[in-house]
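Notes follow once the structure below has been shown.
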Amino acid sequence: MGCEMKDFLSFKKVGKNGYLMVPRNLLEEVFSVDKPFTEAQAYLYLYMKASFCNRKGKRPLKRGQLTFTASALAKRFKWKVYTLREFLHTLHKEGVIVLEQMPGVGQKVTMCFYEVLATGREKPTGESEQADFNEFWKQYYSLLDRQGYDLYAALSEWEKLTEEEKRLAVQNMVPYFESLTDIRFVKTACNYLRFKVYLRPENVEKMHKNQ
């Protein structure tokens, strides 16, 4: 047992081959195997099971965290419990995850590189940047009075914007909605950002002058 350092690097970085957005239900099918998990499969399973948003309640979780019992997780991986513990403690020691004991629950794992892998960026999203995006996301779909389903994709597009573009994306949100003759054709938050719908002619002209 024991991962080589090159494997740890693949757990922390997107690499040069890009990344894919894969539905969780499809991954569940992929993990329906009769053989013991490889270390890479085990890590990917933890990543898949981590919470994609902050959760409140009796057992609150932050984005990128999950809870488990060693016996249940070892059974899922088709490993011995001591093999699972060695694997998790190795990842913890290498800074890939953070392990915490949760009385009455089992253990909690924080996936240290969740944001890096979820967004496809080598640099994790900063707290202030995440807060700005969360405010944009909440406002966008609150004004539309509907639920958004493109959070990851929208966050990825948000991170590509300059500070000025982020400001304009929020500032010109309502004017964009009001310009639509039929709200049914409103763009998702992701496409609103991707196609820079928030840029008005005067904004484009000003940006060209500043270049």
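The values are calculated or read from the model by the stated rules, or taken from the named source; none is laboratory data. As the structure is a prediction and not an experimental result, all values here were calculated from the model. Glycine gets a Cβ as well: all are built from the backbone with ideal geometry, and neighbour counts include every protein chain shown.
Structure above, values below:
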read-out	value
Residue tally, condition surrounded by fewer than 17 Cβ atoms within 10 Å (Cβ to Cβ) and part of a helix (DSSP H, G or I), over segment 177-193	7
Matching residues, segment 103-130, being at pLDDT 75 or above, surrounded by 11 or more Cβ atoms within 10 Å (Cβ to Cβ) and not hydroxyl-bearing (Ser, Thr, Tyr)	Val105, Gly106, Gln107, Lys108, Val109, Met111, Cys112, Phe113, Glu115, Val116, Leu117, Ala118
Members of segment 20-40 found to be closer than 16 Å to Leu88 by Cα and free of Cβ contacts under 8 Å to residues at least 24 places away in the same chain, listed by number	Thr38
Criterion: in contact with a Leu (Cβ under 7 Å, 6 or more places away or on another chain) and over 16 Å from Asn54 (Cα atoms) - qualifying residue of Leu144, Leu91, Leu168	Leu168
Contacts under 8 angstrom Cβ, first residue in segment 134-163 being under 22 Å from Pro175 (Cβ atoms), partner exposed (fewer than 11 other Cβ atoms within 10 Å of the Cβ) and not aliphatic (A, V, I, L, M), 6 or more apart	Tyr141/Gln147
Test: Tyr149 is farther than 16 Å from Ala131 by Cα, out of contact with any strand residue (DSSP E or B) (no Cβ under 7 Å at 6 or more places or on another chain) and part of a loop (DSSP other than H, G, I, E, B)	yes
Count of segment 165-175 residues which are under 28 Å from the mean Cα position of the chain (by Cα), closer than 12 Å to Leu143 by Cβ and surrounded by fewer than 16 Cβ atoms within 10 Å (Cβ to Cβ)	2
Residue list for segment 42-87, restricted to those being surrounded by 13 or more Cβ atoms within 10 Å (Cβ to Cβ), more than 25 Å from Met21 (Cα to Cα), without any contact (Cβ under 8 Å) to a residue 40 or more places away in the chain and out of contact with any helix residue (DSSP H, G or I) (no Cβ under 8 Å at 6 or more places or on another chain)	Thr69
Counted residues, segment 164-190 - those being in contact (Cβ under 8 Å) with a residue 40 or more places away in the chain and of a type outside the set (Val, Ile, Thr)	3
All positions within segment 170-196 that are of a type in the set (A, V, I, L, M, F, W, C) and touching a helix residue (DSSP H, G or I) at 6+ places or on another chain (Cβ under 6 Å)	Val170, Ala189, Cys190, Leu193
Selected residue [at pLDDT below 85 and within 30 Å of Ala154 (Cα to Cα)] from Leu20, Leu99, Leu44	Leu20
Residue match in segment 155-167 (condition: at pLDDT 90 or above, of a type in the set (A, V, I, L, M) and in a helix (DSSP H, G or I))	no
